[in-house]
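Report on the structure given below.
The values are calculated or read from the model by the stated rules, or taken from the named source; none is laboratory data. The model shown is predicted, which means the values in this text are computed figures rather than measured ones. So basically every Cβ, Gly included, is an ideal-geometry build from the backbone, and we count neighbours across all protein chains shown.
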Amino acid sequence: MSDRTTAGRDGWASPDLEALAELLSRVDPASDGHALDALHQELETAHEELHVADAELRAQRQQLEDLLDARSGAGARREWLTSLLPVPVIETDRAGVVRSANTAAARALNIALAHLLRKPLVGFVDDAGRPRLRRVVSSVGTEPTRLRLHLRPRRAEPVAYDVVVVADAGDGDTVTWTLLPASDPDTPAAQHDTLRVARAFVALSWLTASDLTQQQRLAHMARIVAEALPAASAVSVNVGPPDRPHALASSAPLAAAADGRQVHTGEGPCVDAFAAGESVVSADVTTDARWPAFARSIAGEQVRSALAVPVQAEGSTHGCVNCYGTAVDAFGEADIRTAELLATAAGAVFAAVREQERLRDLGDQLTQALTSRAVIDQAKGVVMAVRGGTAAEAFAYMAAISQRQNVKLRAIAEQIVAQAAAGEVTLPGR
């Protein structure tokens, strides 16, 4: 039986029709029943091989579909996070052509969002900044690049922006441009607050493109939130229940001490926020009757007020952002809103990171499956050369050894191939 295959219309391997024709040509109408029985047996073997190959191909197709679905989901989640940003965010290709943008970007450029798409970004930059934009868009990597550009909105005067540019770690052809109003020492305090929050959003979004450990990512999150909330003397971020965290990082020892007291007592604002899935604020944790054990244990620390906000990821509570102040009643309504916005962005980061991990796992599984099949096919050829017989018989021989020795079939195949490469084939079980 020939093992030859040819590519079908959809690009997958299909049986070689010439091999089937070769089998049929061997049928002699005048032959006896034994010849027909032998041919029937060979056709059954071929049918079984095709059945196994078809099952493998279906599994590989499903893995590829899962990869595409996951990639699409990650893109949708990134667009959702971008839409939350109160600052302009634009995505281009390496030629600088706009692929997507949020409403803040369209508003900043004084153009309808639909009309912004597929436009060269360089067309919205003043003449002096165009050469630099072209250099950056073609060379930027996954580490953020900062530059100042003067953008020209439609029918308006140019506006200076501090621009942060970064290439997508998963798709090197996509470049993200985040536009922050150029810093001005005379900017009113309220605008400084907005800018501080916007910078925090941008910094959080970078975490999805960074190759960080979970602990490093949590530490960055805690620092970013602390910088965005001046009322917070220290911030921590935990994964899992705050009284039994899977992972935990803080921006300062003050937060670490407060977190430790809640782990020890099993109660506190962060524990309640995680359990209820709602923000919890305390004007003075040392006198708060909701957590008597925690209040007694924290009395010797500098912490007085607390704000705990749950982090939602993929429909469930993933952890909490925990803010602590040394002053009584440190957190007002504006601080609560800001913390909740940043916790929402943190949840999107967690979900995006999980999706990236799933993509890597699926890719590794597919690579391993393809590699395993190639090694097994090579080993089948070696067994056929040494023992004779068909491909199905060679496969059955290796499967029997795998079961008898309680060793994976791939390991048996690798051993056979390695022996063949060394020129010393001693088949297992012979």
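Tabulated data
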{"item": "Matching option when the condition is part of a helix (DSSP H, G or I) and closer than 24 Å to V197 by Cβ, among A219, A308", "result": "A219"}
{"item": "Candidate set: region 231-252, residues that are over 17 Å from S305 (Cβ atoms) and surrounded by fewer than 20 Cβ atoms within 10 Å (Cβ to Cβ); chosen: the one farthest from the chain's Cα centre (by Cα)", "result": "D243"}
{"item": "Count of residues meeting criterion [touching a Leu at 6+ places or on another chain (Cβ under 7 Å) and not hydroxyl-bearing (S, T, Y)] in region 283-334", "result": "5"}
{"item": "Among residues of region 314-343, those that are buried (at least 19 other Cβ atoms within 10 Å of the Cβ), in contact with a strand residue (DSSP E or B) (Cβ under 9 Å, 6 or more places away or on another chain) and not in a loop (DSSP other than H, G, I, E, B), counted", "result": "12"}
{"item": "Filtered residues of region 293-305 (kept if free of Cβ contacts under 8 Å to residues at least 24 places away in the same chain and either surrounded by 17 or more Cβ atoms within 10 Å (Cβ to Cβ) or not in a loop (DSSP other than H, G, I, E, B) (or both))", "result": "A295, R296"}
{"item": "Residue match in region 349-362 (condition: among the aliphatic types (A, V, I, L, M), on the phi < 0 side of the Ramachandran plot, in a helix (DSSP H, G or I) and in contact with a strand residue (DSSP E or B) (Cβ under 7 Å, 6 or more places away or on another chain))", "result": "yes"}
{"item": "Matching residues in region 145-192 - criterion: being of a type in the set (D, E) and either crowded, with 17+ Cβ neighbours inside 10 Å or modelled with pLDDT of 65 or more (or both)", "result": "E157, D162, D168, D173"}
{"item": "Residues of region 227-249 satisfying the condition of being without any contact (Cβ under 8 Å) to a residue 40 or more places away in the chain and within 20 Å of F201 (Cα to Cα)", "result": "E227, P230, A249"}
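Condition check ((1) under 20 Å from A222 (Cα atoms); (2) not assigned by TED's automatic domain parsing to the domain that holds A256; (3) not aliphatic (A, V, I, L, M)) across all residues:
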site: A313; (1), (2), (3): yes, no, no
site: G319; (1), (2), (3): yes, no, yes
site: Y324; (1), (2), (3): yes, no, yes
site: E340; (1), (2), (3): yes, yes, yes
site: V375; (1), (2), (3): no, yes, no
site: G381; (1), (2), (3): no, yes, yes
site: I401; (1), (2), (3): no, yes, no
site: L409; (1), (2), (3): no, yes, no
